[in-house]
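The block underneath contains the structure these notes are about, expressed in structure tokens.
The values are calculated or read from the model by the stated rules, or taken from the named source; none is laboratory data. All figures in this text were calculated on a predicted structure; none of them were measured in a lab. Cβ: placed from backbone, ideal geometry, glycine included. Neighbour counts: every protein chain shown.
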Amino acid sequence: MEVAAVTKRFGGFVAVDELSLTVPTGSFFALLGPSGCGKTTTLRMVAGLERPSAGTIRLAGRDVTEVPAHRRAVNTVFQSYALFPHLDVLENVAFGLRRRRVRDARARALEALDLVELAHLSRRRPGELSGGQQQRVALARAVVNRPALLLLDEPLGALDLKLRRQMQLELKRIQAEVGITFVHVTHDQEEAMTMADTVAVMNHGRIEQLGAPPDLYEHPRTAFVANFLGQSNLVAGTVVETLAGGATLGVDVAGTRVAVPVARSVAAGPRVLVGVRPEKIRLLDDAAAPDVADNVLGPGTVVDTSFTGVSTQYQVEVDGVGTFGVFAQNAGGGPVHAPGSRVRLAWAHAHTF
Ligand code: ADP
Ligand code: MG
């Protein structure tokens with residue numbers, strides 16, 4: 001599936017702004033972004049439910065921009081399941097096949113129900129199912145005619161957290177089993193990273209960055225991506241030198257030199273933002289020596305500690321720089337550095353972006 005320079009205007013408002021992306025066939029792709037950034041509008045244009053103001057949509061290499069929705073090999077699953085209340089589960093799934101007079105509709109519907117592990121409930125009505133089960137029926141109905149592309153618009157949004165986590169893994173399994181290209185829309189960064197091979201981070205109608213989840217997390221290229229995917233510490237600095245034949249920048253942060261691998265830097269130019277994830281930072285007391293491959297900032301004062309079970313989260317006020325969040329794995333026994341302690345921050349050059 002390919003979206004090429006697609007724009008959607010509603011009156012004077014630009015909801016999708018010259019957006020381009022290519023989704024590899026057979027992959028699990030996530031479109032991630034805050035509410036209102038244009039995710040649903042993008043999906044609706046791919047489905048043929050909304051007409052682009054400009055640009056081209058291709059499916060399997062064919063320009064389908066002018067092709068009506070029912071002639072595209074695309075199905076969509078929405079947050080609202082839209083099941084027929086008076087039909088049982090099997091007939092809900094078989095409905096589209098029967099309408100198109102597909103011969104073995106019943107067998108194929110059962111097969112799809114098997115895939116979502118609901119074959120045993122095929123005679124129930126939707127009203128007799130839980131929310132999660134209804135979502136599975138909607139999914140079975142969407143894959144039963146084997147579309148080339150399945151669009152999922154926040155399909156797990158109505159489920160509680162535990163069920164949502166379970167369904168994330170289920171969806172991943174189902175996608176791997178059927179091999180259909182999935183484009184999954186969500187505003188939940190954890191959901192996108194858990195499920196997708198590739199995540200496109202969207203903001204204000206545009207793609208900010210696209211990549212495999214570990215790549216996006218380790219090497220965010222904009223402040224928006226750094227903050228939307230997990231937490232980041234970002235500080236302003238000035239590029240003062242180029243090291244290692246251009247592979248690393250020397251950046252001055254409030255009088256301290258920090259090494260930043262260039263491929264990971266936020267932007268070229270003298271003023272940059274330097275970032276590091278809270279869990280990549282170690283706290284050093286006076287006696288401890290940093291590693292030669294570490295960036296070191298400080299000293300600073302621990303202003304807050306909170307014990308979360310898995311980790312201890314520190315807030316450290318670094319003199320003349322600002323406040324850093326630091327997550328330290330608990331070794332047992334709770335926080336090591338009490339509020340008021342003086343510490344330095346150290347993290348590997350490689351973890352700087
Ligand atoms: P998302 O799914 O990312 O939350 P949407 O694609 O639904 O975002 O909406 C993107 C923007 O376009 C929002 O500001 C929304 O209000 C606006 N919008 C969406 N559909 C319409 C419409 N039919 N008419 C006018 N504005 C719309
Ligand atoms: Mg939406």
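Data overview
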{"item": "So residue 48, is it away from ligand 2 (no atom under 16 Å from the Cβ), surrounded by 15 or more Cβ atoms within 10 Å (Cβ to Cβ), assigned by TED's automatic domain parsing to the domain that holds residue 154 and modelled with pLDDT of 95 or more", "result": "yes"}
{"item": "Any hit, the stretch 193-210, residues being within 16 Å of ligand 2 (Cβ to nearest atom), in a loop (DSSP other than H, G, I, E, B), surrounded by fewer than 16 Cβ atoms within 10 Å (Cβ to Cβ) and at pLDDT 95 or above", "result": "yes"}
{"item": "Residue identified as loosely packed, with under 15 Cβ neighbours inside 10 Å, touching a Gly at 6+ places or on another chain (Cβ under 6 Å) and either closer than 20 Å to residue 353 by Cα or among the aliphatic types (A, V, I, L, M) (or both) among 271, 257", "result": "257"}
{"item": "Among the candidates 32, 43, 19, residue that is in contact with a Phe, Trp or Tyr (Cβ under 9 Å, 6 or more places away or on another chain), assigned by TED's automatic domain parsing to the domain that holds residue 63, touching a residue at least 24 places away in the same chain (Cβ under 8 Å) and among the hydrophobic types (A, V, I, L, M, F, W, C)", "result": "32"}
{"item": "Entirely in the stretch 4-120, the helices (runs of 4 or more DSSP H) that have 3 or more residues that are within 16 Å of ligand 1 (Cβ to nearest atom)", "result": "39-47"}
{"item": "Matching residues in the stretch 1-43 - criterion: being within 11 Å of ligand 2 (Cβ to nearest atom) and not β-branched (Val, Ile, Thr)", "result": "15, 31, 33, 34, 35, 36, 37, 38, 39, 43"}
{"item": "Residue 158 vs. criteria within 16 Å of ligand 1 (Cβ to nearest atom), in contact (Cβ under 8 Å) with a residue 12 or more places away in the chain, in the same structural domain as residue 29 (by TED's automatic domain parsing) and among the aliphatic types (A, V, I, L, M)", "result": "yes"}
{"item": "Matching entry among 196, 200, 192, 107 (being of a type in the set (A, V, I, L, M, F, W, C) and more than 22 Å from residue 33 (Cβ to Cβ))", "result": "107"}
{"item": "Count - residues of the stretch 238-250 that are farther than 28 Å from residue 193 by Cβ and touching a strand residue (DSSP E or B) at 6+ places or on another chain (Cβ under 9 Å)", "result": "8"}
{"item": "Residue check, residue 201 within 13 Å of ligand 1 (Cβ to nearest atom), at negative phi, touching a Lys or Arg at 6+ places or on another chain (Cβ under 7 Å) and assigned by TED's automatic domain parsing to the domain that holds residue 29", "result": "no"}
{"item": "Residues of the stretch 161-195 satisfying the condition of being within 16 Å of ligand 1 (Cβ to nearest atom) and not charged (D, E, K, R)", "result": "183, 184, 185, 186, 187, 189, 192"}
{"item": "Selection status of residue 198, in contact (Cβ under 8 Å) with a residue 40 or more places away in the chain and farther than 25 Å from residue 99 by Cα", "result": "yes"}
{"item": "Of all residues making up the stretch 65-96, the number that are within 27 Å of the chain's Cα centre (by Cα), under 26 Å from residue 17 (Cα atoms) and not small (Gly, Ala, Ser)", "result": "8"}
{"item": "Given (1) at pLDDT below 95; (2) under 13 Å from residue 151 (Cα atoms), number of the condition residue 41 does not satisfy", "result": "(1)"}
{"item": "Subset tally (residues that are in a helix (DSSP H, G or I) and either in contact with a helix residue (DSSP H, G or I) (Cβ under 6 Å, 6 or more places away or on another chain) or surrounded by 20 or more Cβ atoms within 10 Å (Cβ to Cβ) (or both)) for the stretch 147-163", "result": "1"}
{"item": "Tally, over the stretch 272-318, of residues that are within 28 Å of residue 216 (Cα to Cα), part of a strand (DSSP E or B) and charged (D, E, K, R)", "result": "3"}
{"item": "Qualifying residue in the stretch 220-237 (condition: in contact (Cβ under 8 Å) with a residue 60 or more places away in the chain, closer than 20 Å to residue 3 by Cα and assigned to a strand (DSSP E or B))", "result": "no"}
